[in-house]
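Okay, so here's the structure we're looking at.
The values are calculated or read from the model by the stated rules, or taken from the named source; none is laboratory data. All values reported here derive from a predicted model rather than from experimental measurement. We place every Cβ from the backbone using ideal geometry, glycine too, and count neighbours over all the protein chains shown. To get the accessible areas, we keep the full protein, side chains included, count just its heavy atoms, and leave off ligands, DNA and RNA. Shrake-Rupley method; radii C 1.70, N 1.55, O 1.52, S 1.80 Å.
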Amino acid sequence: MTQWRPLLSLLAIVAACSPAKPPAAPAANVVTITATDYAFGAPDTIPAGLTTFRMINPGREPHQAVVAGGAGKTFAELEAAMLKEGPLPDWLTVPGGAGVVSSGDSSVVTVTMAPGNYLILCFIPSLDGKPHVQKGMYRRLVVTPAPAGAALAAEPKSDVTATLSDYAFALSTPLTAGTHTIRVENSGPQLHELTIERLAPGKTLADWQKWMEGGMRGTPPAEPAGGFTGPDKGKVGWLTITLKPGNYLLNCYVPDAKDGKPHFVHGMVQQVAVK
Ligand SMILES: [Cu+2]
């Protein structure tokens, strides 16, 4: 067997000389959230780091999964702040969350989670006008520090960037039919979201505004298609969404830091055509 020795040592030299390839960065940790009428199913604890929240909606009503926390806050403090109406506390942090989708649909977002206490919440109103959070639709989530030496996950590859600001949406390139990963950037100066709604055939932004002003009575002129709730100012997140051709609204329902009115009242709603 001695004849193998030279070959083995040659292989050893080749192996030693080839540049060491860094191991591929791991993908984001995938966490499934189940949204029903009116409760969330989700893990109690997840590790910090890049996290893909996959929200499925087997409920009858539309649901969203807003993930909100506050540095050093207890669950009692978080719940007291989020269950009352009015302006959001200035310590609130919203790394991101899954935008509203209809019954049977799902929503996929990727966010960076820091350790701490968070609530998963749904603010979508029922037909009685009550937001689901008031019907008990929130759940506690503990984010623990990532294990020491854990490799940083690779950011999702995006093909469109949506920049949110006071009070507008800017797209790096027009949205087209098909599946996209949208990089959502909040340039501030306050919290925003990107809610995507599909207009019914022949309906426009003006029809939607009239319907909102009329107290949301009758058939809605648009249906939820998903979105990204958040991120905090100066932060980024990713929304993976499949769009059918049609006319859509980009919308922000976040209450304004100054007057508490939803941002669409300040003009943060835009109609876009998806071809
Ligand atoms: Cu906004």
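Structure notes:
- Region 49-98 - charge dipole about Cα centre, Lys and Arg +1 at Cβ, Asp and Glu -1, debye rounded to 20: 200 debye
- Taking 0.36 nm per residue of separation and subtracting the current Cα-Cα distance, fully stretching the chain between TRP91 and THR144 would add 17.1 nm.
- Distance violations [Cα-Cα > 29 Å] among LYS157/LYS233; LYS130/LYS210; LYS210/LYS235; LYS73/LYS235: LYS210/LYS235
- When only Cα pairs below 8 angstrom with a gap of at least 6 residues are kept, the chain shows a relative contact order of 19 percent.
- Contour excess over end-to-end distance, with Cα ends at SER103 and GLN270 and 0.36 nm allotted per residue: 57.7 nm
- Helix axis angle, 4-17 relative to the chain longest principal axis, alpha carbon, degrees: 40 degrees
- Dipole moment magnitude, nearest 20 debye, region 218-266 about Cα centre, only Lys, Arg, Asp, Glu C-beta charged: 100 debye
- Distance in nm between pseudo-label sites at GLU79 and LEU152 (7 Å out along the Cβ direction from Cα): 3.7 nm
- The label-point distance for ALA200 and THR173, in a model that sets each label 7 Å from Cα toward Cβ, rounds to 3.4 nm.
- As a length-normalised measure over Cα pairs under 8 Å and 6 or more apart, the relative contact order of region 162-205 settles at 43 percent.
- For MET113, residues with placed amide H under 5 Å, excluding near neighbours: GLY49, LEU50, THR51
- Cα Rg, Dmax, the chain, angstrom units: 22.1, 90
- Signed unit charges on C-beta, dipole axis of the chain, positive-most listed residue SER107, ALA27, ALA48: ALA27
- The chain - percent of accessible surface contributed by carbon and sulfur, probe 1.4 Å: 60 percent
- The residues of the chain expose on average 51 square angstrom of accessible surface per residue, using a 1.4 Å probe on protein heavy atoms.
- Nearest-20 debye value, the chain charge dipole, Cβ charges on Lys, Arg, Asp, Glu: 620 debye
- Ranked by how many other beta carbons lie within 10 Å on average, peptides 245-254, 36-45 from highest: 245-254, 36-45
- Between ASP207 and ALA24, the simple label model (points 7 Å from Cα in the Cβ direction) yields a spacing of 4.5 nm.
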